[in-house]
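S.K.: Got a structure for you, questions after.
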Amino acid sequence: MKAIDFLGLRVTQAEIEPATGSGVESELAAATYFKAIALATAISYKANALAMCLFRVYENGKEVNDDLWYRLNVEPNDNQNAAQFWCELVERLCMRGDALVVPVGDSFYVADSYSREEHPLEQDIFSGIVVGNANLIRKYRANECMFFKLADKNISCYVESMLDSYSTLMAAAMAAYKATSGQKYKLVMERGLTGNLKDEDKTEAMLKRNLKTFIENANSVYFETKGSHLEPVKVENAVEPTDISDLRKEIYDSAAIAFKVPKSIMYGDMTNMGDLVNTMLTFSVDPEAKMISDEVTRKNFEPDEIMAGSKVKVDTTTIKHIDIFDAAGPASQLMSYGVFCINDVLKALGYEPISDPIADKRFITKNLGAVEDVLRDANQGGEMQ
């Protein structure tokens, strides 16, 4: 399957193959690729970010590594690892506005297509589910599968329609650039026609050959005949390469805005990368991570279990790269205040926890304590220092 088809960009073969005839139509194929690349770039940043997240599973408020944890973080099904699974789901979310995950046995699969029968006061029913080349005969009720939906389901349609308009503009600009970028000449003939059609045809054919050779070759000679000469023609309102570049930038900017990806990240600008990643996490990744966490939690735990502290949480803190030397000071403070234990710090830095029991204990420096304890010690020992 082609990458463009896989991303659901709906690029038809007619758009890809150069069309005969109109110059604008022949350039539309190239412009369509700019749209495809812009969409793929923006979506891939979101998908890769969420695929890097750790899915933490809690039972009664305690973190556990059970079968659900394994399916969410390692192997959702026999044909995909977790990164591939979540990338596919996020791509479908971005391009279609919703995505369906169905359990088959002990595995999870992202549906390629399905029909949704909505019942506002009862459970929705999903049927006609297709996974790859397999058609699932059974129907799934809403509580038997996981259905993810963006707040604005139609955003992908809006984005694609807008980018289609930009693609058409770029195709016209590229065709106009080709038509106006070369040197134009006019042939001035001072003598009239001879009246001999045979001689005129020969003269016209000779002129065409001479002009073709002169214009198409870097090093060429034009043979002027008596009574005729070439004059350069200045093209008015010629399209500049920067005009096409500006349109390409607008396509990228529009895709970035639509999917809430900072523009600098879209262009690979590394300046202030930490702030850019924080912005993307806050406005792009965290809301979808919350939506995924809620859906996975409510479909895998009963209400009383959830109220007792059972849940699934998408941990987006694993996305950012952490330099251990830069984090040494803050980690020490978190430990000295009793917020983190040693194993908490190790996991936050991407290291494996250790089995020593002391690594799970929390410590507070001696210069910190509850007000009541300080007053009690003062009353027992005399005046406070």
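S.K.: Would you mind computing, in nm to one decimal, how far apart the modelled labels at SER107 and ALA83 are, each placed 7 Å from Cα along Cα→Cβ?
M.R.: Spacing of the two 7 Å Cα→Cβ label points: 2.0 nm.
S.K.: Right, something else. Which residues does the label zone of ALA151 cover in segment 281-322, counting backbone N under 17 Å from a point 7 Å along Cα→Cβ?
M.R.: The answer is 281-295.
S.K.: A further question follows. So if I take the alpha carbon set of segment 33-137, get Rg, then get Rh from the Kirkwood formula, what is the Rg over Rh ratio?
M.R.: 1.02
S.K.: Arranged by the count of other C-beta atoms within 10 angstrom, fewest first, what order do TRP86, TRP69 take?
M.R.: Sorted ascending by nearby Cβ count, the order is TRP69, TRP86.
S.K.: Related question: In what sequence do ARG71, ARG116, ARG138 fall when counting other Cβ within 10 Å, fewest first?
M.R.: ARG138, ARG116, ARG71
S.K.: Oh, and also: Students often get this wrong, so check it: of LYS263/LYS313; LYS320/LYS361; LYS46/LYS260; LYS35/LYS260, which have C-alpha atoms separated by over 20 Å?
M.R.: Over 20 Å Cα-Cα: LYS263/LYS313; LYS320/LYS361.
Computed from the coordinates by the stated procedures, all read-outs in this text should not be read as laboratory data. Note that this is a predicted model, so its numbers are computed, not measured. Because the Cβ atoms are built from the backbone with ideal geometry, glycine has one as well, and the counts that use them run over all protein chains shown.
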